[in-house]
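Worksheet for the structure shown next.
The values are calculated or read from the model by the stated rules, or taken from the named source; none is laboratory data. Quick caveat, the model's predicted, so the values are computed rather than measured. Glycine gets a Cβ as well: all are built from the backbone with ideal geometry, and neighbour counts include every protein chain shown. Calculation scope for accessible area: heavy atoms of the full protein, side chains included, ligands and nucleic acids excluded. Shrake-Rupley method; radii C 1.70, N 1.55, O 1.52, S 1.80 Å.
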Amino acid sequence: MRTNEMSELLLHEFHSQLKAAFTNVHGAEAVANYGDVLAEHLALRETAGVLDLSFRSRLCLLGADRIEFLHGQVTNDIKVLRIGAAAMPRS
């Protein structure tokens, strides 16, 4: 059953305190901007910024060949990862 409600960002309160404007991305809440897009772009280029991508979906693979399949889809070495570990970019 589908719902019309957006799933809220994990960091919603953090973004709200920074006066974020929110948008809907395929049923998930995402930050649209903080009111001054040019200043935000400048901050990302010259200092630092946080890009909250927690609205993105997760993929669940099942089956005996799931590791081999995922390994063939990405450039990271998936075969050496432990459960719960993150993949680091290849140098």
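Worth a mention:
- Taking region 1-13 as the range and being surrounded by fewer than 13 Cβ atoms within 10 Å (Cβ to Cβ) and at pLDDT 90 or above as the test, only E13 passes.
- When D77, D52, D36 are checked against the criterion of being in contact (Cβ under 8 Å) with a residue 24 or more places away in the chain and either open to solvent by 80 Å² or more (accessible area, probe 1.4 Å) or charged (D, E, K, R) (or both), D52 stands alone in meeting it.
- Which numbered condition F22 fails, given (1) of a type in the set (F, W, Y); (2) closer than 26 Å to A86 by Cα; (3) in contact with a strand residue (DSSP E or B) (Cβ under 6 Å, 6 or more places away or on another chain): (2)
- Per-region count, region 1-15, residues farther than 13 Å from D52 by Cα and either without any contact (Cβ under 8 Å) to a residue 40 or more places away in the chain or not in a strand (DSSP E or B) (or both): 6
- Residue within region 57-66 that is assigned to a loop (DSSP other than H, G, I, E, B), within 27 Å of E13 (Cβ to Cβ) and touching a strand residue (DSSP E or B) at 6+ places or on another chain (Cβ under 7 Å) present: no
- Per the listing L61, L42, the residue uniquely modelled with pLDDT of 85 or more, more than 29 Å from M6 (Cα to Cα) and surrounded by 10 or more Cβ atoms within 10 Å (Cβ to Cβ) is L42.
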